[in-house]
Each structure stands twice: as C-alpha cells, then as structure tokens.
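Take a look at the structure set out below.
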Amino acid sequence: MKMEDVFAARDLPQTEPARQYYFIDAAKTIVGEKERQLGRKLNYCIHTFGCQMNARDSEKLAGILRQAGYVQSTEKEADLILFNTCTVRENANNKVYGRLGALSHYKKQNDAMVILCGCMMQEKHVVETILEKYPFVDLIFGTHNIYKFAELLVRAMQSEQTVVDIREDEGEPVEDLPVSRKYPFKSGVNIMYGCNNFCSYCIVPYVRGRERSRKPEDILQEIRRLTEDGVVEVMLLGQNVNSYGKTLEEPMSFARLLEQVEQIPHLERIRFMTSHPKDLSDELIDVLSRSKKICPHLHLPLQSGSSAVLKAMNRRYTKEEYLRLVDKIRTKIPDIALTTDIIVGFPGETEEDFMETMDVVERVRFDGAFTFLYSKRTGTPAAARQDQVPEDVAKERFDRLLALVQKISGEKAAQAEGSVATALVEEINAQEEGYVTGRLDNNAIVHFPGGASLIGTLVKVRLKECKGFYYMGEQV
Ligand code: SAH
Ligand code: SF4
Ligand code: F3S
C-alpha cells in the first residue's frame with residue numbers, strides 16, 4: 001500500500017466496519033516503518049476520565065491501537081498519548097487542561113502524538129480553546145465517531161495540522177471492531193447509548209446524544225463471545241438501563257434482557273449501571289429477587305431528598321416515591337446493597353431542602369454514596385438560573401453530607417464482619433505482599449492472602465475485619 005494514496009485508493013471500502021479494518025492495516029504499515037527507523041516498538045498510553053462507558057470506549061480505542069502495532073506503556077515512554085475525556089463536572093475538564101499544560105513541554109522534547117476524544121470534545125467552546133491554546137494536539141474527535149478512530153489516526157499521522165472530526169448527530173453505532181480488555185475475566189457491555197432524560201443539571205444528553213438501545217441478539221452474542229474468551233462477569237452499561245428496549249423495533253424490557261443474559265452458560269455474575277428510579281419496574285425487582293447470577297446490588301441515584309429540588313432537577317420522582325421504591329425493593333430482596341449519587345448545592349437549594357437529603361440518607365442507610373458539589377454546565381437549564389448557591393454554603397453542606405454518608409456506610413460494612421462471601425479475585429494487591437484483591441457481589445472490596453493463580457476466579461472468603469471502605473479476609 002502506498003501511504004500517500006491511502007485515502008484515494010480504489011479498494012477503499014465504503015462500508016463499516018470493513019473501512020476501519022482497511023485503515024487499521026494502513027496504520028500498521030506506518031507504525032511498522034517507524035519501528036524500523038527507531039529500532040523498537042511504538043508505545044501508547046491512554047488516560048480515561050469519567051464513567052464506565054468511557055472506560056469501555058477506551059478498551060475499544062486500545063484494541064485498535066494494538067492491532068495497529070502499538071504496545072502499552074507509561075506516559076513517559078509513550079509515542080502516542082490519548083485522553084478520553086469527561087465533562088460531567090467542571091473539575092473533570094480542568095484535569096484535562098492541567099494535563100495538556102504539562103504536556104506542552106514534553107511534546108517539544110519527544111515528538112509524541114497527542115489525541116483527545118470523548119464527551120468534552122462534543123462542546124464547541126472546548127475544541128476552540130484547545131485549538132487556540134494547545135495547537136500541538138494532533139487529533140480531536142467526539143463520542144459519536146469513536147468507531148472511526150483508525151481512519152482518523154491515519155489522517156492525523158499524515159497531517160501537519162490538528163485533525164478535528166466532531167459529529168453533531170449520533171449516527172449508527174458500528175460494532176465488531178477490535179477490543180483490548182483491561183481485565184481478561186470481566187467486561188463492560190454497552191446495552192444502550194445516549195440519554196433522553198435531560199435532568200436539568202446534566203450535560204450527558206448533549207454530549208452523548210439521544211437514547212438508542214442495541215438489539216438483544218447483538219448484546220447476547222457479544223456476551224457469549226466474551227464468555228468463550230474467559231469472561232465470567234459482565235457489567236451491562238447504559239445511562240438509564242431501566243428504559244432499555246423502549247425504542248427498539250420490537251420493544252423489550254430490561255428485565256427480560258436480564259433473564260436472557262442469565263441463561264448464558266459460564267457467565268457467573270451480572271451487574272448493571274445505572275438505574276433511574278423513575279423507571280424501575282416491579283418486573284425488574286422480581287427478576288433480581290429470583291436470579292442466581294445478578295449481583296444483589298442496585299445503584300439508584302437519589303440526587304436530592306427534597307421533592308422541590310427533584311422537580312427542578314427534572315428527575316420525575318418525589319422524596320416519598322423514592323422512599324417507597326426502596327421499601328418495595330428491600331421487602332422483596334432484604335440483603336440487597338443500595339448505593340447512590342447525590343448532588344449538593346443545586347440552584348435554589350435551601351437549608352431545608354438539604355435537610356431533606358440528609359433525612360433520606362438516614363432513612364435509607366445507603367451502603368455507599370458518591371457525593372458531588374453541583375457544577376454549572378454551560379447549555380443546561382440549571383446553569384441559566386439566577387439563584388446559584390454560594391460556594392461556601394454548598395461546601396459546608398457537602399462536608400456534613402459526606403460525614404453522614406461515611407458513618408453509615410462504615411456501620412453497614414461492619415455488620416458483615418465475620419461472615420463468608422464470594423469474591424471475584426481481580427488483582428495482586430499492590431500494597432501488601434502475598435495478598436490479592438477481590439470484589440464481592442455487593443461491590444465491596446476484600447484483600448486476603450493469595451497468589452496470582454487466583455486471579456479471575458470466584459473464591460469464598462471470610463470477612464475478618466472491616467476497615468471502613470474494604471475488608472481484610474481469608475480464604476475458607
Ligand atoms: N445516568 C446516571 C448518571 C450519570 S452522571 C443517572 O442518571 O443516574 C453520574 C453522576 O454525576 C450523576 O448521578 C450526578 O449525581 C452527577 N452529576 C451529573 N451532572 C452533574 C453536575 N452538573 N454537577 C454535579 N454532579 C453532577
Ligand atoms: Fe444525566 Fe439524568 Fe441522563 Fe443520568 S439520567 S445521564 S443524570 S440526564
Ligand atoms: Fe463523563 Fe461522558 Fe460519562 S460526560 S460521566 S464520560 S458519559
């Protein structure tokens with residue numbers, strides 16, 4: 001293949017994913033030439049920000065880089081540095097700008113390729129800022145065209161200027177491209193993309209587009225293949241898994257999808273994220289209560305305990321409805337672990353509103369909670385409100401909430417001390433020699449003596465001592 005002609009070639013496939021495989025080959029040729037010049041392999045390093053969807057996307061990007069001949073390394077040795085960005089809160093953006101600032105010096109010394117993709121790139125003002133302040137960036141693309149990475153990579157390799165490719169519309173997702181999983185024994189699986197909920201504080205619907213469900217056959221096929229490749233645990237991913245299947249030609253519920261996933265042989269554990277309380281069905285609670293494989297853990301974002309704030313957030317449930325839902329779930333599945341997300345300092349939040357949030361936390365007693373300071377996202381309805389909560393007020397509330405959440409989750413974790421649970425062993429413990437680290441079905445972490453041969457297996461452990469966020473245990 002003559003590299004100058006790669007985009008004009010007569011045999012350039014017009015359909016996907018064939019077109020991307022063609023560009024993977026082209027990239028491989030270029031990488032091969034570079035390898036010969038340098039007398040070594042080319043290295044890549046990916047930094048992933050944000051949620052599980054981004055983590056999964058990064059595995060797809062890594063899959064393409066590996067096929068093109070790159071090997072994984074640290075940033076110091078990297079010939080290609082990729083940032084898969086998140087923009088859900090301002091501090092996620094600031095981290096990326098910070099890293100880019102630090103890189104400008106490095107880039108001058110080592111001629112590394114710098115690539116930016118992900119949610120932050122779907123915002124016009126971000127791309128403008130990068131082109132102006134960090135002109136050394138080689139390639140920028142968004143969330144709707146990550147499948148085109150191979151093609152864009154080749155384009156950027158041949159261009160002196162920053163290549164920018166951002167799509168406004170979602171287009172059809174392209175599957176069946178190479179993936180390089182972080183863990184051989186567990187994997188995320190996208191069941192849907194985008195979000196239609198437009199919570200008034202949230203930027204995700206703007207940067208990830210409208211909700212689209214994948215066909216059940218495609219999802220089941222992907223999971224079957226994963227299990228043939230050694231995967232024993234899957235995490236089904238979507239911004240609101242409870243509305244899975246509503247827009248399919250043949251509509252199907254999330255509960256029914258779960259029942260079908262459960263049938264797949266050799267699959268041991270099923271997790272999913274995230275459940276929106278407004279769409280959590282009785283059918284799903286039933287399926288959960290009967291299942292042998294679905295982990296007894298629900299991540300059920302509360303966001304606020306005040307019905308007035310919830311209304312302004314466009315969450316479409318009240319405090320009472322949330323509490324009733326929790327009761328219903330716990331009646332059917334008493335030992336289920338419940339975790340949540342809470343935002344403090346939403347515009348207009350009063351001290352009374354905040355105390356309603358504290359009240360829900362005390363009543364529900366979550367096993368864990370991610371707490372966030374409200375962050376103003378340009379373009380969302382909440383950002384335009386005049387009644388933003390002063391930073392010091394929000395911070396003071398945040399500290400009170402965090403203290404309560406930690407006290408309760410610590411107490412709840414301590415209740416399991418002495419019991420025996422099943423852990424999927426994930427890795428060698430980096431701190432404690434001779435120890436491995438595993439995850440329980442309720443998502444808690446346990447460290448216990450063991451060796452590398454345990455990785456990827458399910459092991460019974462006694463939870464000897466609770467250390468707040470994790471346990472120390474022993475195999476039984
Ligand atoms: N789809 C999921 C959440 C995705 S974003 C759901 O609806 O539950 C993950 C979390 O980030 C949210 O649950 C919310 O708590 C938080 N978040 C989103 N936008 C935010 C903002 N503008 N400021 C602070 N936290 C925010
Ligand atoms: Fe954001 Fe709400 Fe959609 Fe979650 S459900 S991604 S919080 S808009
Ligand atoms: Fe962030 Fe995008 Fe996920 S904004 S939270 S990476 S969907």
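The values are calculated or read from the model by the stated rules, or taken from the named source; none is laboratory data. This is a predicted model, so every value here is computed, not measured. Neighbour counts run over all protein chains shown; Cβ positions are idealised from the backbone, glycine included. Each accessible area value is taken on the protein alone, full model and side chains, heavy atoms only, with ligands, DNA and RNA left out. Shrake-Rupley method; radii C 1.70, N 1.55, O 1.52, S 1.80 Å.
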> Within the stretch 289-302, can you find the residues that are over 17 Å from Ser243 (Cβ atoms) and crowded, with 20+ Cβ neighbours inside 10 Å?
Replying inline: Ile294, Cys295, His297, Leu302
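Yes or no, residue by residue, for (1) under 30 Å from Gln14 (Cβ atoms); (2) at pLDDT below 95; (3) in contact with a helix residue (DSSP H, G or I) (Cβ under 8 Å, 6 or more places away or on another chain):
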position	(1), (2), (3)
Gly118	yes, no, yes
Met121	yes, no, yes
Val127	yes, no, yes
Ile130	no, no, yes
Asp138	yes, no, yes
Gly142	yes, no, yes
Leu153	yes, no, yes
Ala156	yes, no, no
>> Of the conditions (1) closer than 30 Å to Pro205 by Cα; (2) more than 16 Å from ligand 1 (Cβ to nearest atom), Arg66 satisfies every one except a single condition; which number is it?
In response: (1)
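For residues that are in a helix (DSSP H, G or I) and either of a type in the set (A, V, I, L, M) or within 16 Å of ligand 2 (Cβ to nearest atom) (or both), tally how many sit in the stretch 241-280.
Adding up the residues that qualify gives 11.
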> In the stretch 360-412, which residues are among the aliphatic types (A, V, I, L, M), within 22 Å of Gly468 (Cα to Cα) and free of Cβ contacts under 8 Å to residues at least 24 places away in the same chain?
Replying inline: Ala403
> When residues of the stretch 321-357 are filtered for being out of contact with any Asp or Glu (no Cβ under 7 Å at 6 or more places or on another chain), within 28 Å of Ala384 (Cβ to Cβ) and more than 16 Å from ligand 3 (Cβ to nearest atom), how many remain?
Replying inline: 14
> Residues of the stretch 345-378 being within 14 Å of Tyr322 (Cα to Cα) and polar (S, T, N, Q), which ones?
Replying inline: Thr357
> Do you know which of the residues in the stretch 255-288 that are touching a His at 6+ places or on another chain (Cβ under 9 Å) and of a type outside the set (A, V, I, L, M) is surrounded by the fewest Cβ atoms within 10 Å (Cβ to Cβ)?
Replying inline: Thr274
> So which residues in the stretch 358-383 are over 20 Å from the mean Cα position of the chain (by Cα) and within 16 Å of ligand 2 (Cβ to nearest atom)?
Replying inline: Lys376, Thr378, Gly379, Thr380, Pro381, Ala382, Ala383
>> I'm trying to understand the selection: among the residues of the stretch 1-58, which are within 16 Å of ligand 2 (Cβ to nearest atom) and not in a helix (DSSP H, G or I)?
In response: Phe49, Gly50, Cys51
> When the residues of the stretch 176-193 are filtered to those that are open to solvent by less than 10 Å² (accessible area, probe 1.4 Å) and within 14 Å of ligand 1 (Cβ to nearest atom), which remaining residue is farthest from Arg439 (Cα to Cα)?
Replying inline: Met192
> Which condition number does Ala150 fail, the rest of (1) part of a loop (DSSP other than H, G, I, E, B); (2) in contact with a Phe, Trp or Tyr (Cβ under 7 Å, 6 or more places away or on another chain); (3) more than 13 Å from ligand 3 (Cβ to nearest atom) being met?
Replying inline: (1)
> In the stretch 114-135, what count of residues is obtained for those that are more than 25 Å from the chain's Cα centre (by Cα) and of a type in the set (A, V, I, L, M)?
Replying inline: 1
> Here is a list of conditions, (1) part of a helix (DSSP H, G or I); (2) open to solvent by less than 10 Å² (accessible area, probe 1.4 Å); (3) away from ligand 1 (no atom under 16 Å from the Cβ), and Leu82 meets all of them except one; can you say which number that is?
Replying inline: (1)
> Filter the stretch 77-96 for residues that are closer than 15 Å to Met113 by Cβ and of a type outside the set (Val, Ile, Thr); which is nearest to ligand 3 (Cβ to nearest atom)?
Replying inline: Asn84
> Looking at (1) aliphatic (A, V, I, L, M); (2) part of a loop (DSSP other than H, G, I, E, B); (3) touching a residue at least 12 places away in the same chain (Cβ under 8 Å); (4) open to solvent by less than 40 Å² (accessible area, probe 1.4 Å), can you tell me which one Val88 breaks?
Replying inline: (4)
>> Among the numbered criteria (1) of a type in the set (S, T, N, Q); (2) open to solvent by 10 Å² or more (accessible area, probe 1.4 Å); (3) within 13 Å of ligand 1 (Cβ to nearest atom), which one does Thr357 miss?
In response: (2)
> What number of residues within the stretch 330-343 satisfy the criterion of being more than 16 Å from ligand 1 (Cβ to nearest atom) and aliphatic (A, V, I, L, M)?
Replying inline: 3
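Table: residues versus (1) at positive phi; (2) open to solvent by less than 40 Å² (accessible area, probe 1.4 Å); (3) within 16 Å of ligand 1 (Cβ to nearest atom).
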site	(1), (2), (3)
Val114	no, yes, no
Val127	no, yes, no
Asn145	no, yes, no
Gln161	no, no, no
Val204	no, yes, yes
